[in-house]
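Visitor: Let me begin by handing over the structure; questions about it come next.
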Amino acid sequence: MTFMNLAHYLQIIDRSWRAQDGMKIACFLSLRHEHAKYANYQVEMPEGIVERFLVSPVDELVVLHLKCLFYVGKDDFLGAYHQQSTLVQSFAKILQAQKEENWSLPIMYTICSDLRLIAQRAEKQKVGVSGNPGEILEKAAECLMGCFRVCAADNRSAEEDTKRIGMLALVNQLFKVYFRINKLHLCKPLIRAIESSPFKESFSLSQQVTYRYFVGRKAMYDSNYKAADEYLTYAFENCHKSSRKNKRLILIYLVPVKMLLGFIPSKKVLEKYDVIQFWDLVQAVCQGNLKLFDELMEMHETFFIKCGIYLIVDKLKIIAYRNLFRKVYLILNTHQIPVEALQTALEYLGQDVDLDETQCIVANLIYEGKIKGYISHQHRKVVVSKQNPFPPLTSLS
């Protein structure tokens, strides 16, 4: 974009509004568009010049946008957030007043995305100032919900004019906020709204990939690994091949989910997307090498915690126990395994356990179906089935 003065900018917006060109207006109300970096758009009190060129209701949106740019130019993201949130609230009223038309949805997508990004920067700036962490993002989510309700309530318009087609973009923005402030319970009604939407398959592929990525993560945290696998696999397979960063993000959650279901990721894929941290872990789990598993958990602790998967990855230890006990069973070649033999194997691999704790581990494996058998407490033996005592993990999912 070549440099243009403010009057020319306002004339373009006026023409675009009259022509109902939502895409063009969205560009010129975006904080990420090229015009946003020029100082002549960063105006503290733009009402006078805006009113000369624009009529209601678009004049209010532009005034708030220019004020937001003014605060961004001063690195005052709290001030910018207040202007942007007012802009989104004003737009929600305009959107509601537009009957039987949805041409302005691109504007909504842009200003709502900008609101979330500004709220994130305002949160960082607010550190040390009074107030609860996540407070600004929570208020931003309320603004986004205002637009969501307008879209969700538009059930009388014809299919080509309905605002309900804009629901998924808002849900994805809300997911990003809720995951950041750790309020995943608020995702449930949004998921219900999308799953019951007649436009579920009509949303753009990129929006569907983002949606399934977040729903997959939520399913993982809810220990619903089969659903998590389904959603995250869809997200990974349909994510654009050039979006390596996004594919890597999806894999960080998909790999532990696949492993919990008994599938082993290939080293080639892990190397390609730079998540090789998992490969040694795969080896440790497959070999039942608990000593190596503990060392790797400690080594990559920061990475796992940062990604929010430490507790999920730690659950892989129960599979490592299962694989170790299977080795003991194969070595002893008997379906009556002394608990002492299992305890010895655990102690050899650096686990500080007594007989009762060993029995407790076995009992959990039996309960989860990872070992077919029972514990004879009288004889201190694990009696395993003569047929398939260690069922493949893939058969349990």
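Visitor: Go through the stretch 3-41 and give me each residue that's within 20 Å of residue 77 (Cα to Cα) and open to solvent by less than 30 Å² (accessible area, probe 1.4 Å).
Guide: Within the stretch 3-41, the first condition is being within 20 Å of residue 77 (Cα to Cα), and the residues that meet it are 28-41.
28, 29, 30, 35, 36, 41, listed by residue number.
Visitor: Name the helices (runs of 4 or more DSSP H) wholly within the stretch 55-165 that hold at least 1 residues that are touching an Asp or Glu at 6+ places or on another chain (Cβ under 6 Å) and of a type in the set (A, V, I, L, M, F, W, C)? First the steps, then the outcome.
Guide: Details: elements: 58-73, 77-97, 105-126, 135-152.
Passing ranges, in order: 58-73, 135-152.
Visitor: Would you call residue 76 buried (at least 16 other Cβ atoms within 10 Å of the Cβ), out of contact with any Gly (no Cβ under 9 Å at 6 or more places or on another chain) and of a type in the set (Asp, Glu)?
Guide: Values: buried (at least 16 other Cβ atoms within 10 Å of the Cβ): no; out of contact with any Gly (no Cβ under 9 Å at 6 or more places or on another chain): yes; of a type in the set (Asp, Glu): yes.
Considered against the rule, which asks whether it is buried (at least 16 other Cβ atoms within 10 Å of the Cβ), out of contact with any Gly (no Cβ under 9 Å at 6 or more places or on another chain) and of a type in the set (Asp, Glu), residue 76 comes out as no.
Visitor: Which of the residues that make up the stretch 191-205 are part of a helix (DSSP H, G or I), surrounded by 11 or more Cβ atoms within 10 Å (Cβ to Cβ) and over 14 Å from the mean Cα position of the chain (by Cα)?
Guide: As a first pass, look at the stretch 191-205 and keep what is part of a helix (DSSP H, G or I): 191-195, 205.
So of that shortlist, the ones also surrounded by 11 or more Cβ atoms within 10 Å (Cβ to Cβ) come out as 191, 193-194.
Within the stretch 191-205, 193, 194 qualify.
Visitor: Would the stretch 42-51 turn up any residue that is over 17 Å from residue 140 (Cβ atoms), surrounded by fewer than 20 Cβ atoms within 10 Å (Cβ to Cβ) and either β-branched (Val, Ile, Thr) or in contact (Cβ under 8 Å) with a residue 40 or more places away in the chain (or both)?
Guide: Within the stretch 42-51, the subset over 17 Å from residue 140 (Cβ atoms) is 42-51.
If we keep only those that are surrounded by fewer than 20 Cβ atoms within 10 Å (Cβ to Cβ) as well, we get 42-45, 47-49, 51.
Checking the rest, the ones that are also either β-branched (Val, Ile, Thr) or in contact (Cβ under 8 Å) with a residue 40 or more places away in the chain (or both) come to 43, 49.
For the stretch 42-51, residues over 17 Å from residue 140 (Cβ atoms), surrounded by fewer than 20 Cβ atoms within 10 Å (Cβ to Cβ) and either β-branched (Val, Ile, Thr) or in contact (Cβ under 8 Å) with a residue 40 or more places away in the chain (or both): present.
Visitor: Further question on the same structure: Please determine whether any residue of the stretch 172-182 is outside any helix (DSSP H, G or I), in contact (Cβ under 8 Å) with a residue 12 or more places away in the chain and among the hydrophobic types (A, V, I, L, M, F, W, C).
Guide: yes
Visitor: I'm told residue 132 meets every condition in (1) surrounded by 22 or more Cβ atoms within 10 Å (Cβ to Cβ); (2) at pLDDT below 90 except one. Can you identify the failing condition by its number?
Guide: Tallying (1) surrounded by 22 or more Cβ atoms within 10 Å (Cβ to Cβ); (2) at pLDDT below 90, residue 132 fails exactly one: (1).
Visitor: Would you check if residue 89 is of a type outside the set (Lys, Arg), open to solvent by 60 Å² or more (accessible area, probe 1.4 Å), within 30 Å of residue 124 (Cβ to Cβ) and under 28 Å from the mean Cα position of the chain (by Cα)?
Guide: Values: of a type outside the set (Lys, Arg): yes; open to solvent by 60 Å² or more (accessible area, probe 1.4 Å): yes; within 30 Å of residue 124 (Cβ to Cβ): yes; under 28 Å from the mean Cα position of the chain (by Cα): yes.
Spelling it out, residue 89 is indeed of a type outside the set (Lys, Arg), open to solvent by 60 Å² or more (accessible area, probe 1.4 Å), within 30 Å of residue 124 (Cβ to Cβ) and under 28 Å from the mean Cα position of the chain (by Cα).
Visitor: Can you pull out the residues in the stretch 317-339 that are under 14 Å from residue 361 (Cβ atoms) and either touching a strand residue (DSSP E or B) at 6+ places or on another chain (Cβ under 6 Å) or touching a residue at least 24 places away in the same chain (Cβ under 8 Å) (or both)?
Guide: We begin by selecting, within the stretch 317-339, every residue under 14 Å from residue 361 (Cβ atoms); these are 317-326, 328, 337, 339.
Across the stretch 317-339, the qualifying residues are 317, 318, 319, 320, 321, 322, 323, 324, 325, 326, 337, 339.
Visitor: Taking residue 280 as the residue in question, decide whether it is open to solvent by 30 Å² or more (accessible area, probe 1.4 Å), touching a Gly at 6+ places or on another chain (Cβ under 8 Å) and part of a helix (DSSP H, G or I). Outline the logic, then answer.
Guide: Values: open to solvent by 30 Å² or more (accessible area, probe 1.4 Å): yes; touching a Gly at 6+ places or on another chain (Cβ under 8 Å): no; part of a helix (DSSP H, G or I): yes.
Judged against the criteria, residue 280 is not a match.
Yes or no, residue by residue, for (1) outside any helix (DSSP H, G or I); (2) of a type in the set (Gly, Ala, Ser); (3) surrounded by 14 or more Cβ atoms within 10 Å (Cβ to Cβ); (4) touching a residue at least 60 places away in the same chain (Cβ under 8 Å):
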position	(1), (2), (3), (4)
231	no, no, yes, no
234	no, no, yes, no
241	yes, no, no, no
251	no, no, yes, no
255	no, no, yes, no
262	yes, yes, yes, yes
270	no, no, yes, no
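Visitor: Quick one: is residue 280 without any contact (Cβ under 8 Å) to a residue 24 or more places away in the chain, more than 25 Å from residue 252 (Cα to Cα) and not hydrophobic (A, V, I, L, M, F, W, C)? Outline the logic, then answer.
Guide: On the way: without any contact (Cβ under 8 Å) to a residue 24 or more places away in the chain: yes; more than 25 Å from residue 252 (Cα to Cα): no; not hydrophobic (A, V, I, L, M, F, W, C): yes.
Against the criterion (without any contact (Cβ under 8 Å) to a residue 24 or more places away in the chain, more than 25 Å from residue 252 (Cα to Cα) and not hydrophobic (A, V, I, L, M, F, W, C)), residue 280 does not qualify.
Visitor: Same structure again: Quickly run through the stretch 381-392 and pick out the residues that are surrounded by 15 or more Cβ atoms within 10 Å (Cβ to Cβ) and in a loop (DSSP other than H, G, I, E, B). Before the answer, list the steps.
Guide: Quick first cut of the stretch 381-392, residues surrounded by 15 or more Cβ atoms within 10 Å (Cβ to Cβ) only: 381-384, 389-391.
Across the stretch 381-392, the qualifying residues are 389, 390, 391.
Visitor: Do we have any residue at all in the stretch 138-161 that's buried (at least 23 other Cβ atoms within 10 Å of the Cβ) and of a type in the set (Lys, Arg)?
Guide: Checking the stretch 138-161: not a single residue is buried (at least 23 other Cβ atoms within 10 Å of the Cβ) and of a type in the set (Lys, Arg).
Visitor: Hey, can you tell me all the residues within the stretch 108-152 that are touching a residue at least 24 places away in the same chain (Cβ under 8 Å) and small (Gly, Ala, Ser)?
Guide: 113, 119, 122, 134, 140, 141, 146, 152
Visitor: Here's a check for you: in the stretch 350-370, which residue that is within 15 Å of residue 338 (Cβ to Cβ) and touching a strand residue (DSSP E or B) at 6+ places or on another chain (Cβ under 7 Å) is surrounded by the most Cβ atoms within 10 Å (Cβ to Cβ)?
Guide: Ranking the qualifying residues of the stretch 350-370, first place goes to 362.
The values are calculated or read from the model by the stated rules, or taken from the named source; none is laboratory data. Nothing here was measured: the structure is a model prediction, and the numbers come from that model. Please note: Cβ atoms are built from the backbone with ideal geometry, for glycine as well, and neighbour counts cover all protein chains shown. Only protein heavy atoms, including side chains, enter the accessible area calculation; ligands, DNA and RNA are left aside. Shrake-Rupley method; radii C 1.70, N 1.55, O 1.52, S 1.80 Å.
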